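Written below as structure tokens is the structure these notes are about.
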Amino acid sequence: MIWFDFDNSPHVQIFRPILKKLESICIDYQITARDFAQTINLLQLYNLDYKEVGYYGGKNKLSKIFNLFTRSQELIKFIKGKNIVKAVNHGSRTQVIAARRLGIKSIVMMDYEYTENRIFNYFSDYILLPQIIPDNRLKETGFNLRKILRYDGLKEEIYLGGFIPEEKFRESINVNLKDVLVTIRPPSMTSNYHNKFSEKILLNILSRLTQIKDVTTIIVPRTVIDKKFIETSIRLTENIRFLDKSVDGLQLLYASDICISGGGTMNRESALLGTKTFSIFTGKKPFVDEYLERKELISYLKDESDVKKINFINYCKDKKVNIKNNLVDKITDLIININ
């Protein structure tokens, strides 16, 4: 049995096609998950069986450290005695710690080389990264190159390869077909790479959108923290609203004309689906995003003057999906065959 741990919303999308592939070849799996962002809601949306374990540690560093050990201990209690042969995650520190203590081989996927990596270097057995991130960048950021495995493509292509648009998706979220739809994902306000300058750019964008007609803006909050921050920082108008139910995020991005996000995964999904994409991430830029920026699939908003340049009405609406790799079989085979 292979054990997957989901501790953030994107992980459900990343591993869902891999889980389907495992089912097709009769390999059992176990999912554990923590209640953070839309992780649990998405698991329920896709009818995936899971065990909720632990909670989000919050913004405070001491709380994060405490949670690191308490959740890993809870994972150990739940997994111990089960016939687990491998542990797989995308950046779950608690799982790699629990797996090491249980003597289970662990594979951690990631695509942001500037993440704090000491736990992954010490506790994980393998670190799976996109081929395009060069060794010299990984060496500079402190990765143990002896643990690195590679795959050709971007992690988003694992699940975007099977994407099929829903014709009436806009109707399902009550958005006029004639409106320009702008989807906004606030920057993370509790992560290790939090930068308050991103929030200033976000508020500047929202302030501008309150003054533009025939534009519907949907904000997809991460947590109650960023939702409250927006509600208390700016007076929102009728054409700007929070997403009030769980939906397929890929359908939302494809249905959108513009995506503005402080998160890497959502930006890459949007860019690959052909939606006009702007990043308000102000931390250290990942190599993957540098690659997409060079291809003019993502534009970075560095300050308020960049925000003023965004044309929310007159822009090219012709969508070109930029998905080239079918990674499901390759990643699944790699996970199965690693010893």
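The values are calculated or read from the model by the stated rules, or taken from the named source; none is laboratory data. Computed from a prediction, not measured in an experiment: that's the story for all the values here. As a convention, Cβ positions derive from the backbone with ideal geometry for all residues, glycine included, and neighbour counts pool all protein chains shown.
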Notebook entry, point to check: What is the residue count in the range 51-80 for residues that are under 19 Å from the mean Cα position of the chain (by Cα) and surrounded by 17 or more Cβ atoms within 10 Å (Cβ to Cβ)?
Noted result: 2
Notebook entry, point to check: A99 versus (1) surrounded by fewer than 18 Cβ atoms within 10 Å (Cβ to Cβ); (2) over 29 Å from T282 (Cβ atoms); (3) out of contact with any Phe, Trp or Tyr (no Cβ under 7 Å at 6 or more places or on another chain): which is the lone unmet condition?
Noted result: (1)
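Please work out which residue is modelled with the lowest pLDDT, limiting yourself to the range 277-296 and to residues that are β-branched (V, I, T) and part of a loop (DSSP other than H, G, I, E, B).
That would be T282.
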Next item on the list: State the number of residues belonging to the range 133-148 that are hydrophobic (A, V, I, L, M, F, W, C) and either loosely packed, with under 14 Cβ neighbours inside 10 Å or modelled with pLDDT under 95 (or both).
Entry: 1
Margin query: Whether any residue in the range 189-199 is at pLDDT 95 or above and either basic (K, R) or crowded, with 21+ Cβ neighbours inside 10 Å (or both) is what I want to check.
Written below: no
Notebook entry, point to check: Is it the case that some residue within the range 143-161 is touching a Leu at 6+ places or on another chain (Cβ under 9 Å) and small (G, A, S)?
Noted result: yes
Checklist line | Matching residues in the range 240-262 - criterion: being surrounded by fewer than 18 Cβ atoms within 10 Å (Cβ to Cβ) and either at pLDDT below 95 or out of contact with any helix residue (DSSP H, G or I) (no Cβ under 8 Å at 6 or more places or on another chain) (or both) | finding: R241, L243, D244, K245, S246, D248
Check: If you go through the range 307-339 one residue at a time, how many are more than 28 Å from K21 (Cβ to Cβ) and buried (at least 16 other Cβ atoms within 10 Å of the Cβ)?
Finding: 3
Note to self: Contact list please: Cβ distance under 7 Å, first residue in the range 281-305 and free of Cβ contacts under 8 Å to residues at least 12 places away in the same chain, second residue not in a loop (DSSP other than H, G, I, E, B), pairs at least six apart or on different chains.
What the structure shows: E293/Y300
Next item on the list: Tell me, yes or no, whether the range 156-168 has at least one residue that is under 30 Å from I336 (Cβ atoms), among the hydroxyl-bearing types (S, T, Y), buried (at least 18 other Cβ atoms within 10 Å of the Cβ) and free of Cβ contacts under 8 Å to residues at least 40 places away in the same chain.
Entry: no
Note to self: Being under 24 Å from D318 (Cβ atoms), surrounded by 19 or more Cβ atoms within 10 Å (Cβ to Cβ) and of a type in the set (V, I, T) is true for just one of T275, T265, T282. Which residue is that?
What the structure shows: T275
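Checking the conditions here, which among I127, I104, I158 is over 18 Å from the mean Cα position of the chain (by Cα), of a type outside the set (D, E, K, R) and under 30 Å from G58 (Cα atoms)?
The match here is I104.
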Next item on the list: Output yes when any residue across the range 111-130 is closer than 23 Å to M266 by Cα, touching a residue at least 24 places away in the same chain (Cβ under 8 Å) and basic (K, R), and no when none is.
Entry: no
Item checked: Output for the range 57-85, where each listed residue is free of Cβ contacts under 8 Å to residues at least 40 places away in the same chain and assigned to a loop (DSSP other than H, G, I, E, B) -> G57, N60, K80, G81
Notebook entry, point to check: Counting only residues that are closer than 29 Å to G283 by Cβ and not in a loop (DSSP other than H, G, I, E, B), which one in the range 297-333 is modelled with the lowest pLDDT?
Noted result: E304
